[in-house]
Each structure stands twice: as C-alpha cells, then as structure tokens.
Amino acid sequence: MPEDDDMLLGRTGEFTFSELSSKRTLTSGTPVVARIDTEHDYYSVPDKLDREFKKARPLFEDYHRASALMINAVRTGQSLHVAPVMKPMSRMIDSVIRHPDAMIWMRRLQQEESYLVGHSVRTSILAAVLGRHMGLPESTLMLITLSALLCQIGKTRLPRNLLEKPGPLKREELMRIQGFVDASVGILEGTSAIGADVVRIVANHHERFDGSGYPEGKTAEYIPVLARLVGLVDWMDAMTSVKPYTDKVVSTTEAMDFLYQQRNVLFQDQLVEEFIQAIGMYPNGNLVELATGEVALVLAQDTAHRIQPSVLLVLDHLKKPMKKPQRINLFDYNKTHPDTPRIIQQALPVNAYNIDIPKLIAAHINNNRGWRKLF
C-alpha cells in the first residue's frame, strides 16, 4: 500500500473508480484453488416476476424494518438480538428462491437514511441471490444471508463523524475504521445465538484472494469459501451505492467490468463468474443505450438470453423522453424484427441524462399501469 497518508483506499474495502482500473489483473502466476461445487438447477425456474413482486414488497419491508431495529439497537449500546430478524429473513429468502429479480428490485428502489442499515440489508439480499444461483441449500442461504447482514455490525462501535467523513482519510483513521472487523467478531462472539460459522465468515470477509485484504492478509484457499462469497457481494454493494462520504457511484455494469478484471486478484475467478451469471450482464435497474440511440431501463433478466433482457424504453433516439415508455423483451423483439433489431450498445453511468430511476418507476406505477404491465 502506498505510504501517502492522504490515500483514500479501503475505507470499507472498496476502491475508487480510478484505483480499480489501475489494479493488476489476472496473471498466470495466481494461486489455484479447488472449484466450488455448484448445482444450478437445484431450484426450479423462477415464477412470474409480476406475481412475485407483489409478494416481495411487504416481505422486504418487514425484513428491512427488523434489520434496522436490530442494528440501531446495537448502535445505542444494547446487546445484539438476532431472533426478531430470523423469520423476516427466512421469508425474504423464500422470495429470492421463487424469483430473485423481485428482491433485486427491492434493494434497487430502497430509499435509505442510514448507509450502514441500507448497505447491510442490500448486501444480505445479494448474498441470497448469489447463493440461490449456485444451488446452495436453504440452510446455507440462511447462513450467508445472516453473515452478510452482520458483517458490518462492528461499525456501530465507531463514531459517525469518522465513518461519514468526506474526502481522504489519514492513515490512523483508516486503520481505526478497518478495526471494525475485529469489533464485529467481538460483538458476535458475545452473542450466544450466533454460531461459529457466522463468526468465521464475518472475520474473513475482508480478506482478499491476493492477500491485499485485512485484518490478516490471508490468501486464496486460506479464506473460507463462504467468506469469499460474502466479501464479494459486500464489495459490490459498496461500489454501487451512494455513500455519505463521497458522491462517487458507479453503475452495477461498470463495477462488474472491474470485478471481471479482478478474477483471482481480489476475488476467486469462479465466484466472479457465478455472480455475473446470477445478476446478468446488464443488471436490473441499470440504464443502457441501444444501437438505435434509444435509452432504456433494464427491467428483468431473460435467463436464457442474458444480453437481451426486458427493458423499458424511456428516451427516443434523439434522447427525448418517450411520450409513452414502452416495455419490450429484447430477445422476442429482435426475433420478430431481424431487419431493425434493438441491441444493447453500452451500459450508461448512474443518473445518465438526469434520469431519476426511482422517480421513473414510481411515475410508471402511478399511471395506473401497475407492476404487471411494467414487468
């Protein structure tokens, strides 16, 4: 690590946009670890998204509410009590099993005052989505989801003015923040309801494949498999979320491009590839530009045709708002319009063309269309 005291690096393990592009990429000398057993057809084909979306919203709200109460109680000095969050978590996971896209949308539309609560909830949902894709059994889904939810709990022991300090951190401040991992372990070990597996995952989730992580600088196979998984989704959410100490946010597609460059550098190559397959090349809630010049919002994945998802056209080829946003499945459309196909040309940055995605979705719902016509 550079010796510049003003280096903004690893505040919570994420790197800035420019730092990611300069980090080294996969090389022939990287460690070789055993592949993780997966069973992609373990769960059935997802239900209809519109049907699951109606179920998902109250389930998400219950889970979010219980999680916020738990985390905020610890922040005020109370003991950690996980029992109230377990049933809402189980129901949230059931929704992910039925159709993961619904909860992905819930985390995308979440409006959060507390970054710590929001990040913890969103990360836990991503852990469940990735675990489902890999065919992990429900007991393991519960384990990684709970571990992801609790992996930041040690930050409740740090002052907010440090966690939310804008701009670069001094080295001593950075070291203090990185101490949250040990603080998390201390809280969890002092909670009788928390098993050793959760503690092990949380203790190792900031280790990185190439040894650049913390607190121990472990490498490759010395990092527990499920800690590697939780570490990846924790990193992804941090990269793509609005944070109180910086206005730098990248789109999920941009972050995944960087993530792919970091195979067997920051994260195990297989986990990187599994994650990209789980949420798609163009994830839900991201803006894309078509070869026609139109701008669209990605709505839902077509698991058989990942580069041709369902989208909502919002700007025409002149970048003017569509009078009536049009929902189309790109694969179906291109199949019937071979001479005038709509192909995704590129992913767009967050808030491109000043498009406010939550407001866009809300406006579409309030036009009495309902979620059925949106998805």
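I'd like the residue in the range 202-246 that is touching a Leu at 6+ places or on another chain (Cβ under 8 Å) and among the acidic types (Asp, Glu) and, out of all such residues, is nearest to Gly190 (Cα to Cα).
The extreme case among them is Asp237.
Looking at the structure I just gave you, is Thr303 in the same structural domain as His99 (by TED's automatic domain parsing), more than 28 Å from Lys320 (Cβ to Cβ), surrounded by fewer than 18 Cβ atoms within 10 Å (Cβ to Cβ) and of a type in the set (Val, Ile, Thr)?
no
Quick one: in the range 154-169, of everything that is basic (Lys, Arg) and either within 21 Å of Pro215 (Cα to Cα) or not assigned by TED's automatic domain parsing to the domain that holds Met70 (or both), which residue is surrounded by the fewest Cβ atoms within 10 Å (Cβ to Cβ)? Give the derivation first.
Within the range 154-169, the subset basic (Lys, Arg) is 155, 157, 160, 165.
Filter once more, keeping what is either within 21 Å of Pro215 (Cα to Cα) or not assigned by TED's automatic domain parsing to the domain that holds Met70 (or both): 155, 157.
Working: Lys155: 24, Arg157: 16.
Across the range 154-169, the extreme among qualifying residues is Arg157.
Could we say that Leu126 is in a helix (DSSP H, G or I), at pLDDT below 95 and crowded, with 21+ Cβ neighbours inside 10 Å here?
No.
Are there any helices (runs of 4 or more DSSP H) wholly within the range 142-257 with 2 or more residues that are without any contact (Cβ under 8 Å) to a residue 60 or more places away in the chain and of a type in the set (A, V, I, L, M), and if so which?
Where helices (runs of 4 or more DSSP H) fall fully within the range 142-257 and carry at least 2 residues being without any contact (Cβ under 8 Å) to a residue 60 or more places away in the chain and of a type in the set (A, V, I, L, M), they are 180-189, 196-204.
For the range 55-104, how many residues are of a type in the set (Val, Ile, Thr) and farther than 13 Å from Ala128 by Cβ?
Total satisfying the criteria: 5.
Quick one: is Val249 modelled with pLDDT under 90, of a type in the set (A, V, I, L, M), in the same structural domain as Glu216 (by TED's automatic domain parsing) and closer than 16 Å to Arg108 by Cα?
yes
Hey, can you tell me all the residues within the range 170-196 that are over 30 Å from Met86 (Cα atoms), surrounded by 13 or more Cβ atoms within 10 Å (Cβ to Cβ) and aliphatic (A, V, I, L, M)?
Once the filter is applied, which keeps residues that are over 30 Å from Met86 (Cα atoms), surrounded by 13 or more Cβ atoms within 10 Å (Cβ to Cβ) and aliphatic (A, V, I, L, M), the range 170-196 yields only Leu174.
Output the number of residues of the range 298-341 satisfying the condition of being basic (Lys, Arg), under 18 Å from Asn354 (Cβ atoms) and touching a residue at least 12 places away in the same chain (Cβ under 8 Å).
1
Would you mention how many residues in the range 46-85 are among the acidic types (Asp, Glu) and in contact (Cβ under 8 Å) with a residue 40 or more places away in the chain?
Looking only at that region, the number is 3.
Any idea which residue in the range 29-72 is modelled with the lowest pLDDT, counting only those that are in contact with a helix residue (DSSP H, G or I) (Cβ under 9 Å, 6 or more places away or on another chain) and among the small types (Gly, Ala, Ser)?
Once the filter is applied, the top-ranked residue is Ala34.
What number of residues within the range 330-375 are of a type in the set (A, V, I, L, M, F, W, C), assigned to a helix (DSSP H, G or I) and modelled with pLDDT of 80 or more?
Counting residues in the range 330-375 that are of a type in the set (A, V, I, L, M, F, W, C), assigned to a helix (DSSP H, G or I) and modelled with pLDDT of 80 or more gives 3.
The values are calculated or read from the model by the stated rules, or taken from the named source; none is laboratory data. Fair warning: this is a prediction, and the values are worked out from it, not measured in the lab. Every residue, glycine as well, gets a Cβ built from its backbone with ideal geometry; the counts of neighbours run over all protein chains shown.
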